[in-house]
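Chemist: Before anything else, here's the structure in question.
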């Protein structure tokens, strides 16, 4: 009917602008970052991609070969030993013991650095640890 001759207050303009920008229900869309693959964890999905591997030793060498290298950043890189393997909470031994664990027994596998392994499992992990969580 008639044109408005006075400008709208700034608060009204801001409220209209914010209300008009949202998605469903007037809420702004939230963009979550795409999930990233952790270099310290191997999931069931990743294990399923290594169809030719029957043991965890073979699967992990294909998926995370760096887990088996000695840590060059330790205070004593010449330290004896290898990465220590745990199945659930039981210490199995060195990486060769992964040859006795079938791929389909694992739910998740996690690698711990030397300092993380010593904090979690105690001394004697100069080259880290691999923990296998099984389906039991």
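The values are calculated or read from the model by the stated rules, or taken from the named source; none is laboratory data. The structure displayed is predicted, hence computed values, not measured ones. Neighbour counts run over all protein chains shown; Cβ positions are idealised from the backbone, glycine included.
Chemist: Could you list all residues from region 59-69 that are in a helix (DSSP H, G or I) and farther than 14 Å from residue 105 by Cα?
Modeler: Within region 59-69, 61, 62, 63, 65, 66, 67, 68 meet the criteria.
Chemist: Do we find a residue being under 18 Å from residue 55 (Cα atoms), at pLDDT below 95, surrounded by 16 or more Cβ atoms within 10 Å (Cβ to Cβ) and within 21 Å of the chain's Cα centre (by Cα) anywhere in region 116-132?
Modeler: No, that holds for no residue.
Chemist: Among the residues of region 14-58, count how many are in a helix (DSSP H, G or I), under 20 Å from residue 97 (Cβ atoms) and either at pLDDT below 85 or within 17 Å of the chain's Cα centre (by Cα) (or both).
Modeler: 1
Chemist: How many of the residues in region 82-113 are crowded, with 20+ Cβ neighbours inside 10 Å and under 17 Å from the mean Cα position of the chain (by Cα)?
Modeler: Total meeting the criteria: 4.
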